[in-house]
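This report concerns only the one structure given below.
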Amino acid sequence: MTRTRMRINKYLSLCGLGSRRKTEEIIKKGQIYVNGIPTTNLSCQVDINNDTVMYRGQILLPVLTYHYLILNKPKGYVTTTKDERNRPTVLQLIPEQFREEGTFPVGRLDKDTEGLLLFTNDGDLAYKLTHPRFKVPKTYQVTLDRPLRDDHKMEIEHGIELYGSQTLPATIDPINDEWTIVTITITEGKKRQVRMMFSMLGYEVTSLIRIQYGPITLGNLPAGKYRVLSKQEIEKLKSTVN
Ligand code: URA
């Protein structure tokens, strides 16, 4: 990073406080102190080398290195930073060094969903990847309790009513001849969307694995393991939202 002065929301995002939008909410609440003075001014500029920024009594230091990882999330892990019911969390599966530098999951997978979960401390990229405007495609391998009927396939692909609005067009392809295992690609992320879409047409999803997120594929990464993305993968990921 070469610039030493930047808008306060960007500074806070670099400190791992979340997306720029989210940090603006924190600023508006008057929880940020710059050189000892609370500021609610969103256009305040911070000088990395000379200003002291505090939040909840802690001095915030910007992360100078961004991390981009993927985890093959196993069943049973919740996508949250801390679970009040003490269930295992996906954060426990990545090294402490990344967590300390504010690396957090991008979007979420349900407790019983497996597969590709992206992590980063690049708050701006995370915000864009999860914003509906960018329609980042996500592909899931779905196992159903019965063969998928052709008319149901077309219905889901066309869009069905869920939570009071129409789902966006999706693509479904078979993995086996019986059409009990299929892939589905969706470009949004409503709550339990894949399970709900099939369940509304009478199917039970017996296994759900995310195999692709934008240009990033899960490949043969073992369950419970993470890997750092390559430079090319990071570039491709950024170009999907820029
Ligand atoms: N759709 C679901 O139903 N669950 C997930 O975890 C992700 C997509």
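Table for the structure above
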| item | result |
| --- | --- |
| Theoretical FRET efficiency, 1/(1+(r/R0)^6), r = Cβ-Cβ of LYS225 and GLN97, R0 22 Å, to 0.05 | 0.85 |
| Size descriptor, Kirkwood hydrodynamic radius, that averages inverse alpha-carbon separations across segment 70-201, Å | 16.2 Å |
| Under 5 Å, built H, 5+ apart or other chain: amide partners of PHE104 | THR120, ASN121 |
| Normalised alpha carbon radius of gyration of the chain [divisor 2.2 N^0.38 Å] | 1.14 |
| Segment 29-89 and segment 110-184: distance between their alpha carbon centers, rounded to Å | 30 Å |
| Distant-in-sequence amide H partners of THR89 (H built 1.01 Å from N, under 5 Å) | VAL78 |
| Proxy reagent accessibility, fewest Cβ within 10 Å first, across LEU168, LEU162 | LEU168, LEU162 |
| Signed unit charges on C-beta, dipole axis of segment 5-59, positive-most listed residue LEU42, GLY18, ILE59 | GLY18 |
| Cross-link pairs LYS128/LYS236; LYS29/LYS236; LYS10/LYS225; LYS75/LYS238; LYS22/LYS75 - those with Cα-Cα distance over 24 Å | LYS29/LYS236; LYS10/LYS225; LYS75/LYS238; LYS22/LYS75 |
| Formal net charge of residues neighbouring VAL182 (Cβ-Cβ distance under 13 Å; K, R +1; D, E -1) | -3 |
| Three-way shape label, segment 1-104, alpha-carbon gyration tensor, a/c 1.5 | prolate |
| Cα centre as origin, Lys/Arg/Asp/Glu Cβ charges: the chain dipole, Debye | 800 debye |
| Size of electric dipole in segment 6-57: Cβ of Lys, Arg +1 and of Asp, Glu -1, about Cα centre, debye, nearest 20 | 240 debye |
| Segment 127-242 shape via C-alpha gyration tensor axes, a/c threshold 1.5 | oblate |
| Test item: Cα-centred dipole of segment 137-213, Lys/Arg +1 and Asp/Glu -1 on Cβ, debye | 440 debye |
| Cα gyration tensor, segment 5-59 - rounded (a/c under 1.5), prolate or oblate | rounded |
| Taking THR139, THR39, THR23 and counting other C-beta atoms within 10 Å, the order from fewest to most | THR39, THR139, THR23 |
| Environment charge at PRO147 (Cβ cut-off 11 Å; Lys +1, Arg +1, Asp -1, Glu -1) | -1 |
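FYI, it's all coordinate maths here, none of it is from the lab. Just so it is clear, the model here is predicted, and its values are computed rather than measured. Every residue, glycine as well, gets a Cβ built from its backbone with ideal geometry; the counts of neighbours run over all protein chains shown.
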